[in-house]
1. Relative to the first principal axis of the alpha-carbon coordinates of the chain, what is the inclination of helix 200-214, with its axis defined by its Cα atoms, in degrees from 0 to 90 and to the nearest 10?
2. Relative contact order for region 2-173: what is it in percent, counting Cα pairs under 8 Å that are at least 6 residues apart?
3. Beta carbons within 10 angstrom, averaged per residue: use that to sort the peptides 34-44, 277-287, highest first.
4. Apply the Debye scattering formula to region 1-87, with a single equal point scatterer on each alpha-carbon and no solvent, then give log10 I(q)/I(0) at q = 0.20 Å⁻¹.
5. For the chain, give the magnitude of the charge dipole about the Cα centre (Cβ charges: +1 Lys/Arg, -1 Asp/Glu; no others), in debye to the nearest 20.
6. I want the local charge near GLY283. Using Cβ-Cβ distances under 15 Å, sum +1 for each Lys or Arg and -1 for each Asp or Glu among the other residues.
7. Using a 10 angstrom cutoff on alpha carbons, build the Gaussian network for the chain and name the most mobile of GLU75, GLU243, GLU226.
8. What residue among ALA39, ALA263, PRO174 has its Cα farthest toward the positive end of the dipole of the chain, where the charges are +1 on Lys, Arg and -1 on Asp, Glu, each on the Cβ?
Amino acid sequence: MKIIRTVNEMQQTASSLLKDNKTIGFVPTMGFFHEGHIALMEHAKKDTDIVVTSIFVNPLQFGPSEDYEQYPRDEDEDIRHAKNAGVDIVFIPDTQDMYPRKMVINLDITDRVNVLCGRSRPGHFQGVVTVLSKLFHIIQPTKTYFGRKDAQQIAVVDALIEDLNFPIELIALPTVREKDGLAKSSRNVNLHKNEREEAPWIYKALEQGRQLVVDGEKNPDIVVKEVLDTIDNHTSGKIDYVELLSYPELQPISVIEQQVILATAVYFDGARLIDNLLFDKYGNIAKRLK
């Protein structure tokens with residue numbers, strides 16, 4: 001496994017691989033790997049000739065009151081995990097190399113961002129599409145891999161690839177969960193003991209909402225209320241949002257008659273947790289992005 005730390009070397013390596021007709025699978029991350037990251041890398045290994053994963057905590061997607069400095073980091077452990085997962089190249093640029101000057105061109109997003117996490121994190125997804133655009137140009141992947149836990153991010157990346165004609169296939173894999181249902185996240189380590197015990201109720205609440213749809217409920221407001229009440233009754237967390245929207249368009253709906261996302265974010269003292277379920281009008285878990 002090779003470790004690359006400069007943009008120039010990564011660009012040259014990617015160009016050489018493409019000249020040799022190698023397919024490149026790309027897993028972008030901010031590091032502190034867990035089983036969710038590993039699953040993406042292992043899937044990419046089966047799909048493509050060369051797997052590249054990036055480790056870069058992107059400052060552009062953190063707001064002024066968010067946890068950029070506190071974001072967990074463990075480079076040595078990440079490299080070990082990546083090697084065990086069969087990754088061929090780990091790209092670890094520093095901030096100065098990725099952003100050598102103040103950005104002159106700013107990417108804006110006009111849709112899919114003023115809901116869910118985007119509503120309470122202004123500028124977050126602008127930072128996401130900026131860094132991904134740079135990484136896509138640097139690494140030139142054939143396919144890129146994301147976990148469905150970050151479903152709004154996937155919807156935004158889908159638009160980025162389509163609108164800017166990146167020749168990249170977007171692969172969205174199911175959320176990897178703990179045995180009790182809690183979605184794997186690098187931030188889970190920050191939960192206090194009692195919060196960790198309560199956190200699985202987030203997933204249970206989403207499943208109870210989905211079950212209403214399985215049973216025939218078509219009113220999104222009733223489904224949302226079920227999720228809200230369940231989280232309120234079983235956790236000490238503060239709910240940021242619970243929303244049910246069309247997917248991947250992320251538009252409000254009055255009747256559940258297409259593929260939807262049921263999503264929530266909950267603030268605990270130790271961390272802000274997000275989770276979601278994607279399902280069709282009958283409540284069946286979605287197997288495809290669209």
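Where a number appears in this text, it was derived from the coordinates with a stated rule and is not lab data. What you see is a predicted model; the values in this text were computed from it and never measured. No Cβ is skipped: glycine too gets one built from the backbone with ideal geometry, and neighbour counts run over all protein chains shown.
1. 70 degrees
2. On the way: 257 pairs, mean separation 50.8, N = 172.
Relative contact order, region 2-173: 30 percent.
3. 34-44, 277-287
4. -0.99
5. Roughly 560 debye, rounded to the nearest 20.
6. -2
7. Largest GNM mean-square fluctuation: GLU75.
8. Positive-most Cα among the choices belongs to ALA39.
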